[in-house]
Amino acid sequence: MSNAPQITDSHCHLDFDSFDTVRDEVVVRAVEAGVTRMVTICTKLRLEPKVRSLAEQYAPVFYAAGTHPMSVADEPMATVDALVALAQHPKMVGIGETGLDYHYTSESAEAQQESLRIHIEASRQTGLPLIIHARDADDDMARILSEEYRKGSYTCVMHCFSSGAELARAAIDLGFYLSMSGIAAFPKSQDLRDIFAMAPVDRILVETDAPYLAPPPYRGKRNEPSYVVHTAQVGAELFGMDWPDFAAQTQTNFDRLFWKVAQYKAAA
């Protein structure tokens, strides 16, 4: 067991091909760096068996499942029943990632919105947190999240948050969480850091989104869960906290939102 402060990578993609020959070593490096849990994300439901198998193979790995908004046009529409059924697995701990992406796939906006609402209902029924991807869709995202919350409460994390301050405030007002990725550690991301700084520290998670968005000093290389420490250290500076205290705070935040992981750990 590492003596480093414990921390969680709340969002990564360990099933991606770039990890196929190094996955064992990547998980070991994460644990050695103090990363005690990793949530690997299924972005296409037909790939759920592979993602689930990783959670079953590696003790520190949990998983979430959904249809990524950029894949909605090319994949069968998810159903609430299918998502609820998948959530019966003890290591399936979140719904998504889902959301809206109008940067690359604006032509499927209507279908993306339908898919998002389906995932929200599955989150309501299971009590599992919704994992949101949002890009160039702030107004529609804030509107739909608020409309759906009025229909019935649910929990949510704005994964890899890099949107505007208004969407951040809307999410915080609904009781949701913002997740810091390597983008928040980039030198030119001061505006984004300012948005995070206005949020309550008890609503902050950290993630890698590996293999994407490696933070300095690894920017431009394949990201991996151990690198979440570098993003979290930027977060500690941002909130004026000692590194061990910030790491502990994000652990508490993660356990509160991803309650199924906390219960699994307690039951192990």
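Observations on the model:
- Close Cβ contacts (under 6 Å, 6 or more residues apart or on different chains) running from residues in the stretch 240-264 that are farther than 22 Å from MET92 by Cβ and modelled with pLDDT of 95 or more to residues that are part of a helix (DSSP H, G or I) and open to solvent by 30 Å² or more (accessible area, probe 1.4 Å) comprise TRP243/GLN233; GLN249/VAL201.
- Any hit, the stretch 79-88, residues being open to solvent by less than 70 Å² (accessible area, probe 1.4 Å), without any contact (Cβ under 8 Å) to a residue 12 or more places away in the chain and either part of a loop (DSSP other than H, G, I, E, B) or of a type in the set (Gly, Ala, Ser) (or both): yes
- Of all the listed residues (ILE120, ILE132), the sole one being modelled with pLDDT of 95 or more, β-branched (Val, Ile, Thr), open to solvent by less than 10 Å² (accessible area, probe 1.4 Å) and within 14 Å of ALA78 (Cβ to Cβ) is ILE120.
- Tallying residues that are in a helix (DSSP H, G or I), among the hydrophobic types (A, V, I, L, M, F, W, C) and either out of contact with any helix residue (DSSP H, G or I) (no Cβ under 6 Å at 6 or more places or on another chain) or within 18 Å of PRO129 (Cα to Cα) (or both) within the stretch 168-195 yields 5.
- Residue list for the stretch 214-228, restricted to those being part of a loop (DSSP other than H, G, I, E, B) and open to solvent by 10 Å² or more (accessible area, probe 1.4 Å): PRO216, PRO217, TYR218, ARG219, GLY220, LYS221, ARG222
The values are calculated or read from the model by the stated rules, or taken from the named source; none is laboratory data. This structure is a prediction, so every number in the text was calculated from the model and none was measured. A quick note on method: Cβ atoms are made from the backbone with ideal geometry, for glycine too, and the neighbour counts reach across all protein chains shown. The area values use the complete protein model at the heavy-atom level, side chains included, leaving out ligands, DNA and RNA. Shrake-Rupley method; radii C 1.70, N 1.55, O 1.52, S 1.80 Å.
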